[in-house]
Amino acid sequence: MSHLLEVDNIVLRFGGVTAIDGVSFHVDEGELFAVIGPNGAGKTSVFNSLSQVYRPQEGDIKWKGSSIMGLRPDAVAELGIARTFQNIALFGQMTVIDNLLMGRHIRMKGNWWQNMLWKASKAEEMANREKVEDIIDFLEISPYRKMPVALLPYGIQKRVELGRALAMDPELLLLDEPAAGMNLEETEDMARFILDIREELGIAMILVEHDMGLVMDIADRILVVDFGKPIGTGLPEEVQQNPDVIAAYLGGDFVDL
């Protein structure tokens, strides 16, 4: 069976430190896959390897059956892999609309600087703006569309960053701590939007998140890593009962989530 994404026994070293040690998993179309583990477990290193910011020394990463090892990060994005970041990486002085339009740059036919100056064709400009407006409606951020991002509440900024990733027309979204720093209401909203992305847009996702309640509620399958090594993979209920996961990660309370 061919998977959308296949990660085969990757190893990533920094000098004498092994950040990822033999991690393997796959993600299928429309699947919501989660990667969890303690701080320093290697979760972000996995994301950086998928986007080829880091280059694993061993193993392989395949997208639709073809290796992406050695590609530039922008080439990986063009293939259909988009990413959000734990720390918001938006342009604070730009409006919501303009931030989302920045996400469209890899789908624009002209040079990015020409498109930023609106020298692209009128038809392309209108198509990009229509796409952005659809995302604004989908994420329910229409009241903020012309506001500078820096003036928005934190939870809305996180939604805008999600929108910018969606503007790239991805087939796979890498969500790095999408609910980090949010209150309960904001977390519930984010969970709802993540589920809507899977169910209404059919986009596969890999989720890194510390909120175990959120992960257990929405993930289809979960990979647990500790010190860069995989210690368990399976359905949420399987992971909750895995003694290696319980011992290495969250302790006995994990079973009750």
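The values are calculated or read from the model by the stated rules, or taken from the named source; none is laboratory data. Note that the coordinates shown come from a computational prediction; the quantities given were computed from them, not determined experimentally. Every residue, glycine as well, gets a Cβ built from its backbone with ideal geometry; the counts of neighbours run over all protein chains shown.
When you check K146 against the structure, is it buried (at least 20 other Cβ atoms within 10 Å of the Cβ) and either outside the structural domain of D28 (by TED's automatic domain parsing) or touching a Lys or Arg at 6+ places or on another chain (Cβ under 8 Å) (or both), yes or no? In short, no. Residue pairs whose Cβ atoms lie under 8 Å apart, sitting 6 or more positions apart in sequence or on different chains, and linking a residue in region 184-201 that is not assigned by TED's automatic domain parsing to the domain that holds G155 and among the small types (G, A, S) to a partner that is in a helix (DSSP H, G or I) and surrounded by 14 or more Cβ atoms within 10 Å (Cβ to Cβ), are A191/L214; A191/I218.
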